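For reference, the structure discussed in these notes is given below.
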Amino acid sequence: LRQSLLDLYKRLDAYADAQAGFAAVDALTLMEAGEPGRAVLLYADVMRAYLTRRFPKATDGLITSEYVKVLTDSALPILPEEVAEVLEAADAVKFAAAAVDAERVARVARSADGVVRDVQVAYEARLAAADKGKGPRGRRRGA
C-alpha cells in the first residue's frame, strides 16, 4: 500500500508540475513582452518534460522525430502527431527563427496542455484498471 501511494504521488506530481509549468509560462506574458517565440519554446518544454517523466525512454537528447517514435513505441495513448505538432512548432522557432503570432502561441499552448491532459487521463485510467484487476485482499476461508 505504501509503495502504491508513493507511486500515485509521483504520478500526480508529474501532472501537477506540468500544470504549474504552463501557469508559469502564462504568467510571463511573453506575447506582451514581444517574445512569442520564447513562449512557444517554453510550452513545448513543459509538455516534453511531462512526457519524459511518463515515458523515460523518451530522453532529452532525442530530436523531435526520434522522440515521437520512442513515444509511439512506448504505447503513447494519443496520436503521435499531436506531440509532433507542438515540438515541430518549437523546432521552427529554435532552428529557423520562424515568426510567431499570438494565434500560433495560443494554439501551441492549447495543444501542449491538451497532450498533457489527455496522456494523464489515459495514464490514470490504465492505473485504475490495473488496480481494479487486483481485487480486495482478505483472509482466505479456513485460514
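Conditions tested, residue by residue: (1) in contact (Cβ under 8 Å) with a residue 40 or more places away in the chain; (2) surrounded by 20 or more Cβ atoms within 10 Å (Cβ to Cβ); (3) assigned to a helix (DSSP H, G or I).
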| position | (1), (2), (3) |
| --- | --- |
| 24 | no, no, yes |
| 29 | no, no, no |
| 33 | no, no, no |
| 40 | yes, yes, yes |
| 46 | yes, yes, yes |
| 68 | no, yes, yes |
| 72 | no, no, yes |
| 76 | yes, yes, no |
| 81 | no, no, yes |
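Under the condition of being open to solvent by less than 40 Å² (accessible area, probe 1.4 Å) and among the small types (Gly, Ala, Ser), the residues counted in region 48-66 number 1. Residues of region 86-143 that are modelled with pLDDT of 95 or more, in contact with a Pro (Cβ under 8 Å, 6 or more places away or on another chain), open to solvent by 40 Å² or more (accessible area, probe 1.4 Å) and assigned to a helix (DSSP H, G or I): 102, 104, 118.
The values are calculated or read from the model by the stated rules, or taken from the named source; none is laboratory data. Please read all numbers here as calculations on a predicted model, not as lab measurements. Counting neighbours? That spans all protein chains shown, and the Cβs are built from the backbone with ideal geometry, glycine included. We work out accessible area using only protein heavy atoms, side chains counted, and drop any ligands, DNA or RNA first. Shrake-Rupley method; radii C 1.70, N 1.55, O 1.52, S 1.80 Å.
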